[in-house]
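Data block below; observations after.
What follows is calculated from the coordinates using simple rules that are stated; it is not laboratory data. The shown structure was predicted, so the numbers you read here are calculated from the model rather than taken from an experiment. Cβ atoms come from the backbone with ideal geometry, glycine included; neighbour counts cover every protein chain shown.
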Amino acid sequence: MVNFIDFLNWLLPVFYIVTFSIYSYDFMTGKKELANSKRLFLFITLLFHALYLIVRTIYFGHPPITNVFEIFTVLAFAISFSYFILELVTDIRGTGPFIIIISILFQIISSIEIEHIVTVKDVLKSNLLGIHVFSALVGYSGITISAVYGFLYLMLYKEIKLNQFGLIFNRLPNLEILERLSFSSAVIGFVLLTCAIVIGIIWLPRAFPNFSYADPKLIGTSIVWILYGIGITSKLLGKWRGKKVVIFSIIGFVIAILSTMLSNFLSVSFHSFY
Amino acid sequence: MNLLAVSINHRTAPVELREALYLGNEDIKSLISSAKEKLLVEGVVLCTCNRTEVYGFPFDKNIGHNDLQNFVIEKKSSFNINPEHFQSFLSREAVKHLFSVITGIDSLLIGDNQVFKQVKDSFQLSEEMSFAGFLMKRIFDFALTAGKRALTETEISEGAVTVSYAAVQLIEKIFSSLNKKSALVIGAGETGELAAKHLQDRGISHLTITNRTIEKAEKLAQSLNSKIIPFTNFKEHLHEFDIVISATSSPDLILTKSDIKSAIKKRNYASLVLMDIAVPRDIDPDSKNIDYVFYHDIDSLNIIVEQNLTKRRTEIPKVEKIIDEEVDNLFNWYNSLQAAPTIKNLRDHFENIRLEEIEKNKNKFSSEDQEKLEIVTKRIINKILHQPTIELRKSAEAGENTIESAARIGILRQLFGIDNNRQDEEKK
């Protein structure tokens, strides 16, 4: 079983890279013949990834959310899965490479660094932890996708303003759609992050005797949450729009990544498990 | 195939001569009536803004391209048109030319898809006037197939290739749908009208026209069922529009950067698209530096037009391949319209039916009767086919591939489904 888990662990980056290559080829050439097969490839990749996560959970007796590299593989899955659903619902197919590449990065790091942990701290076996981590992860994939669409919005905005009608202009959906996709993903991310924070505030003080509100991850997530809150409220009130909102989303994403990295790798707190 | 075609088009004649030879529906009808009397058994007259063409099968072999050209020239004798202004095509080349026209690769604007409808309309007119017969119908069936295939299997008609359409394409890269947007068109001239029509075709929600001469604005607004605002105070309403297309002949700027700044502020920085398709320009080009203002002039729109034209040019070989395939299909069908092979095909077809039925029913007869059955059925088939065979032989002796014999053979093949059966057998 371990061999099978290892095999899947190394197979997943290959699958993601192949899927990314097909999406990129389709983006570069604009040929319609790969329009459906690229989606099928993404589906197969997600199927194998889901199998990997299930087999891992059954064999090690806990869901793969107990350390940062387990979380990375779940994050890679969540990002591509969210994109897959988004592509199915909206039928906007030209943005795949920009999202899937994020999954590749997370999966490669996870595949290299992940270890087989059979015994985990009792505190990590709580059901509340499962919901806390799940909502945080899907929330983070939401803001990741929001930032990618925000970045694409800025690229297209710049191309149109500068009269550069290249690949970005020809292949991407229009600015309004990119803004809408970025905003909707940010709202989903924000709602789920709110859930994660609320559950965390209820559960963490009970679970960890050394709990502190000065925990770097808690502070980082709170800053990200406040930033998204300001951005979403301003957009809903009609005060901000377009470029300003997407820049805010990108800043929020960068702070979220930095805070995760800093709190996981540099500081030692009750919130670090690796 | 003795199909003649003469064409006067953008490659062979200057615009004034093409204009002179432009034929309206009534002109075409009169031309067809004369052609039917003097020159052609069947044919089609095609006229678009860049070409006038006549296709047809002559009454006899002595009628050639020169007669057809002179016939067209006579119709417009007051203009200095001479045979050098024509291209002439015969048989396969004539068919190939027609297919190039309908697929848009022979158009001045490569991939122009309006020509497809124009060819279809011309053919319908010929049909109404009983000028398009059996052969012409088949040729146009194949032409329509080639045209449809070029549209669906290649990108020959993709992308905007006119400035006003490029403006709309660019607007659609900024807004997801025009059915909730409002647009102002400044200038009711030809360019403004075209841009307004494109916007309306794409479903713009509110269209408003303004023009220095209010009567012209009113006329255009009436034809497009849109609103007008007076030119004197349109700037006060500028912020109400998501899209502004300016196409006036004003020598000075109509909208300054400060006009735009004030409008975008009033719009609370909701995106504003400015398309300046006037020469000289109507809107201060410095407006492009204002956030959320998308300013584009004729030069930037020409970049899109050129890119799309280049893309269309790269599609030409694919369209030519389709044309070759469809020309081959047409000639395969045409070559089957000969008497000798048709007699054989017809006899084989009936013999197959006879054998099939005997096979199905032979158990119902005793072995002695089976022999009689064979003889009787053969005799019936021979009697049925006797008269058609004699008629087909007569056709062959009279000289094959006259229009009448080809039509007769074609109908016969169609009636008995000989081509369908052969295709089925080939597939098997």
**OP:** Could you work out how far apart the two model spin labels at A:L258 and B:T314 are, taking each label as a point 7 Å from the Cα in the direction of the beta carbon, and quote it in nm?
**Re:** 4.1
Original post:
Mind ordering A:218-230, B:249-261 by average Cβ neighbours within 10 Å, highest first?
Top reply: A:218-230, B:249-261
Subject >> Shielding by partners, peptide A:159-169 (average Cβ within 10 angstrom, other chains) >> reply: 4
Original post:
Rg and Dmax of the protein assembly as shown, Cα atoms, in Å?
Top reply: 36.1, 111
**OP:** Please report how far the C-alpha centroid of segment A:34-76 lies from that of segment B:177-205, rounded to the nearest whole angstrom.
**Re:** 49
Original post:
Expressed as an acute angle from 0 to 90° and rounded to the nearest 10, what is the orientation of the C-alpha long axis of helix B:403-415 relative to the principal long axis of chain B?
Top reply: 80
Subject >> Residue among A:Y157, A:Y140, A:Y213 with the largest mean-square fluctuation in a Gaussian network model of chain A, springs linking Cα atoms under 10 Å >> reply: A:Y213
Original post:
Starting at 0 and stepping by 10 Å, how many percent of the alpha carbon pairs of segment A:142-266 end up in each bin?
Top reply: 13, 38, 28, 15, 5, 1
Subject >> 10 Å Cβ neighbours from other chains, averaged over peptide B:106-116 >> reply: 0
Subject >> Over segment B:270-396: Rg over Rh, Cα atoms, Kirkwood Rh >> reply: 1.59
Original post:
Between the helical axis of B:92-103 and the dominant principal axis of chain B, each derived from Cα atoms, what acute angle in degrees is found, rounded to the nearest 10?
Top reply: 40
Original post:
Taking the Cα atoms of chain B alone, what are Rg (to one decimal) and Dmax (as a whole number) in Å?
Top reply: 30.6, 108
Original post:
Taking neighbour counts of Cβ atoms within 10 Å as a proxy for exposure, in what order, fewest first, do B:R393, A:R180 appear?
Top reply: B:R393, A:R180
**OP:** Calculate the translational D of segment A:1-154 in whole µm² s⁻¹ from Stokes-Einstein, where the hydrodynamic radius comes from the Kirkwood formula applied to all Cα pairs, the temperature is 4 °C and the viscosity 1.567 mPa s.
**Re:** 80
Subject >> Order by protection proxy (mean Cβ within 10 Å, highest first), peptides A:188-194, B:241-247, B:385-391, B:355-361 >> reply: B:241-247, A:188-194, B:385-391, B:355-361
Subject >> Debye equation applied to the C-alpha atoms of segment A:115-213, log10 I(q)/I(0) at 0.13, 0.22 Å⁻¹ >> reply: -0.62, -1.04
Original post:
In cubic angstrom, how much convex hull volume per residue do the alpha carbon atoms of segment A:1-85 span?
Top reply: 88
**OP:** Using a/c under 1.5 as the rounded threshold, could you call chain A rounded, prolate or oblate? The axes a ≥ b ≥ c are square roots of the C-alpha gyration tensor eigenvalues, and prolate needs a/b larger than b/c, oblate otherwise.
**Re:** oblate
Original post:
What list of whole percents do you get for P(r) of segment B:141-289, with Cα-Cα distances grouped in 10 Å bins up to the one holding the largest distance?
Top reply: 11, 39, 32, 11, 6, 1
Original post:
Using a Gaussian network for chain B with springs between C-alpha atoms less than 10 Å apart, which of these wobbles most: B:E371, B:E404, B:E193?
Top reply: B:E371
**OP:** Using the 2.2 N^0.38 Å rule of thumb for compact globular proteins, work out how segment A:124-163 stacks up: its C-alpha Rg over that value, please.
**Re:** 1.92
Subject >> C-alpha long axis of helix B:25-38 to longest principal axis of chain B, angle in ° >> reply: 30
**OP:** Before rounding to the nearest 500, sum -39500 (n - 2.57) across all DSSP H runs of length at least 4 in chain B and divide by the residue total; then give [θ] at 222 nm in deg cm²/dmol.
**Re:** -18000 deg cm²/dmol
Original post:
Considering segment B:1-114, what Rg and Dmax in Å follow from its alpha-carbon atoms?
Top reply: 13.2, 37
Subject >> Of B:K219, B:K96, B:K311, the one that fluctuates the most in a GNM where chain B has Cα springs shorter than 10 Å >> reply: B:K219
Original post:
Roughly how many Å is it from the Cα centre of segment B:318-353 to that of segment B:25-45, as a whole number?
Top reply: 29
